[in-house]
Every structure is written in structure tokens, then in C-alpha cells.
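One structure is given below, encoded as C-alpha cells.
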Amino acid sequence: MNNYETVFILTPVLSDAQMKEAVEKIKETLIAQKAEIVNEENWGLRKLAYPISKKSTGFYQLIEFKATPNVIDILETQFRRDERVIRFLTFRQDKFAAEYAAKRRSLKSSAKDIKKEAKTKENKPKEEND
């Protein structure tokens, strides 16, 4: 199994529920092909570098997964059939890219832990010093 990363852009006219439904459909396609989803990130609504189909923004989504090479053809066919997807890019990660992605995920999770810890400290009542 190879490590892959796919980034796709959904049309900005979708509601939040429709966007989540489109992402779930892509994830279901991967799971049906016995791919292991490693990471998923929603980058939100961003400005496009150039207009695509007269749209200047789009919802960006990243999915990292492990799969066999034949899954990519099925996934990209699904992207082409779904009218909500305006652009996509899938590539196989080499060992350096896979290591970098793992490091980035661990840094991101540790940053979340630090934020949670800071919030819990703020919410605790302060002890009075006598």
C-alpha cells in the first residue's frame, strides 16, 4: 500500500450540510475500496488563484490515505462525476513527504493539546493566597 494525499475544491455555492455530504461521499468511496484514511483536514472557504467556472472561491479539503494504486483511478472517476468538485489533485507521497506529513500532524495535535490545557487553566477558579 502506498501513501497518497488528495486535495479537492468544492464549489462555494454549497451549504455546510451539502459540503459535508460531498466529503463523506468521497470518504465512502475510499473506504469501499479498502483504503485507510490517515488524516482529514477541512481548510475552509478560500480564494482561488484564478477563476474556475466563474467562481473565485471554493471549499478546500485534504485527505491523506493509504491505498493500492488501482484505487486512484476509481477516486478520480468519482471526482469527475461529482459536479460539486471543481478541481482535484491526488499524488503519491514518497517517504520524505510521508514523514513530513506525520510530523505536521503530530505538531498540529500537540498545539491543540496546549490550547485545551490553556483553556482549562483559564476556567478553573484561582486559589486565593493567604
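The values are calculated or read from the model by the stated rules, or taken from the named source; none is laboratory data. Source: prediction; values computed, not measured. Note that we place each Cβ from the backbone using ideal geometry, even for glycine, and neighbour counts take in every protein chain shown.
Annotations
- Remark: pairs (first residue in region 22-49, small (G, A, S); second residue buried (at least 17 other Cβ atoms within 10 Å of the Cβ) and at pLDDT 90 or above; Cβ separation under 6 Å; 6+ apart in sequence or on different chains) = A22/L10; A22/R84; A35/F65; A35/A67; A35/V71.
- Here the condition is being surrounded by 12 or more Cβ atoms within 10 Å (Cβ to Cβ) and of a type in the set (F, W, Y); of F96, F65, it holds for F65 alone.
- A35 vs. criteria under 30 Å from K95 (Cβ atoms) and surrounded by fewer than 17 Cβ atoms within 10 Å (Cβ to Cβ): no
- The residues on offer are R80, R87, and the sole one that is modelled with pLDDT of 90 or more and loosely packed, with under 14 Cβ neighbours inside 10 Å is R80.
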